[in-house]
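K.L.:
What follows is a structure written as structure tokens; I'll ask about it next.
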Amino acid sequence: YMVIAFRGTQIHKIKDLVMDAKFKIEKKADNQYQESLNLPSGHTGFRRGIFNLLENEFIFKKINNFIQSINYKGNISTFPIYLTGHSLGAGLASLLIQPLIHYNYHFSGAYLFAPPLAIGKEDAKIIYQKYGKIIHEIVNYRDYIARATPYHRKKLAHIGTFYRIHRNGKIHQEKERFINLRKREKHKIIEFHRLINHIIHLKKQENCNTCVEKRSKHLKR
């Protein structure tokens, strides 16, 4: 199998900051070529980042080269591909799902950490209905990036099964909701968002798959 991982925002890289800042909503296709890529509507910066990856970085060619290099005997359409990313990277990973499927690759699942809202509501609904059970969105407690602004929540939506790391460190699968930071917690906004603070909790024995599933059955939906 292959895992394609997208890194989160690097503060010292101007292109990352510019990508984050272009938060207006871009329609599904501005031209016939973009339409052929099957990019969903969504966050302008993230969309253009993926468009560049497809057009200039030739990611599909690189995927094909990797599959061939390991002498995979099956068809490319049966080779499992997983996506993951943190923050900005989670937004990029979510936008790559539809192009992968459109070009007949075998999308097997995604693990998105502190995912920002990236995809227009109509397209997000389609992705969720088809693949929501294999897309896992993990949010650490009261993360502002995943909660976003009222503008984003009106136009964009998340696409997967929602998990929250609670204040006690336990992970629950629950219905998505947006929780404000308390005044005494606002200085921890970066701490809650950092990837390392997701990984620490994921490694705990109390957050094994079976534990999370059993714990989540008792939550109100």
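The values are calculated or read from the model by the stated rules, or taken from the named source; none is laboratory data. Because the structure is predicted, anything quoted here is derived from the model rather than measured. Neighbour counts are summed over all protein chains in view; Cβ atoms, including those assigned to glycine, are modelled from backbone coordinates with ideal geometry. Each accessible area value is taken on the protein alone, full model and side chains, heavy atoms only, with ligands, DNA and RNA left out. Shrake-Rupley method; radii C 1.70, N 1.55, O 1.52, S 1.80 Å.
K.L.:
Nearest 10 degrees is fine. How inclined is helix 59-69 to the longest principal axis of the chain, computing both from alpha carbons?
P.N.:
Compared with the principal axis, the helix lies near 80 degrees.
K.L.:
Also, I was wondering about something else. For the chain, find the longest principal axis of its Cα atoms and tell me its angle to the long axis of helix 88-102, 0 to 90°, nearest 10.
P.N.:
Roughly 40 degrees between the two axes.
K.L.:
Calculate, for PHE58 and THR78, the FRET efficiency according to 1/(1 + (r/R0)^6) with r their C-beta to C-beta distance and R0 25 Å; round to the nearest 0.05.
P.N.:
0.70
K.L.:
Using θ = phi - 60° and the Karplus relation 6.51 cos²θ - 1.76 cosθ + 1.60, list the HN-Hα couplings for segment 113-123 in order, rounded to whole Hz, with x at every Gly or Pro.
P.N.:
Values per residue, Gly and Pro as x: 9, 6, x, x, 6, 10, 10, x, 4, 5, 5 Hz.
K.L.:
Below 13 angstrom from the Cβ of LEU195, what's the summed charge of the other residues (Lys, Arg +1; Asp, Glu -1)?
P.N.:
That works out to +1.
K.L.:
Please work out the average accessible area per residue across the chain, using the 1.4 Å probe convention, and give it in Å².
P.N.:
Ligands and nucleic acids excluded, the figure is 58 Å² per residue.
K.L.:
If amide H atoms are built 1.01 Å from N in the plane of the peptide, which residues on other chains or at least 5 residues away come under 5 Å of the amide H of HIS106?
P.N.:
Correct list: PHE79, ILE81.
K.L.:
If you look at just the Cα atoms of segment 45-156, how large are its Rg and its Dmax in Å?
P.N.:
Using the Cα atoms of segment 45-156, the pair Rg, Dmax is 14.9, 49 Å.
K.L.:
Mind scanning LYS133/LYS170; LYS133/LYS204; LYS175/LYS203 and naming the pairs with a C-alpha gap bigger than 29 Å?
P.N.:
Beyond 29 Å between Cα atoms: no listed pair.
K.L.:
When the helices in the chain are scored as -39500 (n - 2.57) per DSSP H run of 4 or longer and the sum is shared across all residues, what 222 nm value do you end up with, to the nearest 500 deg cm²/dmol?
P.N.:
Calculated at 222 nm, the ellipticity per residue is -11500 deg cm²/dmol.
K.L.:
Then there is this: Answer rounded, prolate or oblate for segment 106-180, using the Cα gyration tensor with square roots of eigenvalues a ≥ b ≥ c: rounded when a/c is under 1.5, else prolate when a/b is larger than b/c, else oblate.
P.N.:
oblate
K.L.:
Once fully extended, how much extra length lies between ARG184 and LEU37, figured as 0.36 nm per residue of separation less the alpha-carbon to alpha-carbon distance?
P.N.:
Value of the extension gain: 48.4 nm.
K.L.:
Further question: For all pairs of alpha-carbon atoms in segment 160-221, what percent lies in each bin of width 5 Å, listed from the first bin to the last filled one?
P.N.:
3, 16, 24, 26, 18, 11, 2
K.L.:
Let me ask something else. Would you mind telling me the share, in percent, of accessible area of the chain contributed by carbon and sulfur at probe 1.4 angstrom?
P.N.:
Ligands and nucleic acids excluded, carbon and sulfur give 54 percent.
K.L.:
Same structure again: Principal axis lengths of segment 43-90 from Cα atoms, whole Å, largest first?
P.N.:
38, 22, 15
K.L.:
Going by average Cβ neighbours within 10 Å, how do the peptides 49-58, 82-91, 134-143, 207-216 rank, with the highest at the top?
P.N.:
82-91, 134-143, 49-58, 207-216
K.L.:
Also: State, as an integer percentage, the relative contact order of the chain based on alpha-carbon contacts under 8 Å between residues 6 or more apart.
P.N.:
Relative contact order for the chain comes out at 17 percent.
K.L.:
In µm²/s, what is D for segment 137-190 at 20 °C and 1.002 mPa s, where D = kT/(6 pi eta Rh) by Stokes-Einstein and Rh is the Kirkwood radius from Cα pairs?
P.N.:
Value of D from the Cα-based Kirkwood radius: 179 µm²/s.
K.L.:
Counting residues in the chain as N, plug N into 2.2 N^0.38 Å and put the Cα Rg over that result.
P.N.:
My calculation over the Cα atoms of the chain gives 1.03.
K.L.:
Tally the DSSP beta bridges in the chain and give the antiparallel ones as a percent, rounded to 5.
P.N.:
Of all bridge pairs located within the chain, approximately 30 percent are antiparallel.
K.L.:
On a 0 to 90° scale, report how tilted helix 44-55 is relative to the longest principal axis of the chain, with both axes built from alpha carbons and the result rounded to the nearest 10.
P.N.:
Its long axis makes an angle of about 40 degrees.
K.L.:
Quick check: residue separation of SER108 and LYS121 times 0.36 nm, minus the Cα distance between them. What number comes out in nm?
P.N.:
Result: 2.5 nm gained on full extension.
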